1. Do you know which residues across segment 84-133 are among the small types (Gly, Ala, Ser) and either under 15 Å from residue 22 (Cβ atoms) or under 13 Å from the mean Cα position of the chain (by Cα) (or both)?
2. Could you please give the count of residues in segment 161-186 that are charged (D, E, K, R) and in contact (Cβ under 8 Å) with a residue 60 or more places away in the chain?
3. Against the condition in the same structural domain as residue 99 (by TED's automatic domain parsing), within 30 Å of residue 202 (Cα to Cα), surrounded by 12 or more Cβ atoms within 10 Å (Cβ to Cβ) and over 19 Å from the mean Cα position of the chain (by Cα), how does residue 141 come out, does it pass?
4. All but one of (1) surrounded by fewer than 20 Cβ atoms within 10 Å (Cβ to Cβ); (2) within 26 Å of residue 160 (Cα to Cα); (3) of a type in the set (Ser, Thr, Tyr) hold for residue 96; which doesn't?
5. Is one or more of the residues making up segment 195-205 under 28 Å from residue 61 (Cβ atoms) and surrounded by fewer than 18 Cβ atoms within 10 Å (Cβ to Cβ)?
6. State whether one or more residues within segment 78-92 are out of contact with any Ser or Thr (no Cβ under 8 Å at 6 or more places or on another chain), in contact (Cβ under 8 Å) with a residue 24 or more places away in the chain and under 26 Å from residue 14 (Cβ atoms).
7. Looking at 79, 125, which one is assigned by TED's automatic domain parsing to the domain that holds residue 188, surrounded by 15 or more Cβ atoms within 10 Å (Cβ to Cβ) and either among the β-branched types (Val, Ile, Thr) or in a loop (DSSP other than H, G, I, E, B) (or both)?
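The values are calculated or read from the model by the stated rules, or taken from the named source; none is laboratory data. Only a predicted model underlies this, so the values are computations on that prediction, with no experimental measurement involved. With ideal geometry, Cβ positions are generated from the backbone for all residues, glycine too; neighbour counts draw on all protein chains shown.
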Amino acid sequence: MSIKRARLSPDESRLIAVEAARDLLIEAGPQAVTLKAVAGRVGRTHANLLHHFGSAAGLQKALAAHLADTITAKIGEAVDAARRGEVSPRTIVDMTFDAFDREGAGALASWMLASGNEDALDPVVEAIHRLVDKLAASALTPHLAELIRDNTLMLVLLALGDSQLGGAMAAALALPREKAREIATRSLTFALMQEAAAIAAQAKV
């Protein structure tokens, strides 16, 4: 459905376009995220989107930033909930893997790299860095902070790799399709258990 609204602020126009780009990414893949396609989706002209994003690469970079901010915010909330025992580690794993697979972040990253648009991934790395810094800042010990960084690296790389080759690799090794998620869940569960034990030990002091 085209969005017909006479006057939008620049920020509103950008957000509507980026959300339309995300819909196109999920529906048809990264190759479908073009200025022309997004313009048609939101009822704007190609020139209008060119004004806001500068190029298709600029649109993709804005989409990557939007995905990264949205995903890391959700994961951060889930991690806090897991620390309180309100959600399971598997919930965090599934959110991360789904972001790269079903929500298209992995395909978008690969497409941009193949297109020579490597700097478009900077917002993704920066968003993950901010999330890790926030989580590590609340860790009780340097060891726990390092454990958070280790698990973030493991989780992101596993999720990204699984979105690209997970099905083929699992089949080739005669493993269940969910095996990568199971591996990530075990590691994350161990990390959360160590954190819980440290909190319990501190409370006894």
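1. 99, 104, 105, 106, 107, 109, 120, 127
2. Total satisfying the criteria: 2.
3. yes
4. (1)
5. no
6. Scanning segment 78-92, I find no residue that is out of contact with any Ser or Thr (no Cβ under 8 Å at 6 or more places or on another chain), in contact (Cβ under 8 Å) with a residue 24 or more places away in the chain and under 26 Å from residue 14 (Cβ atoms), so the answer is no.
7. 79
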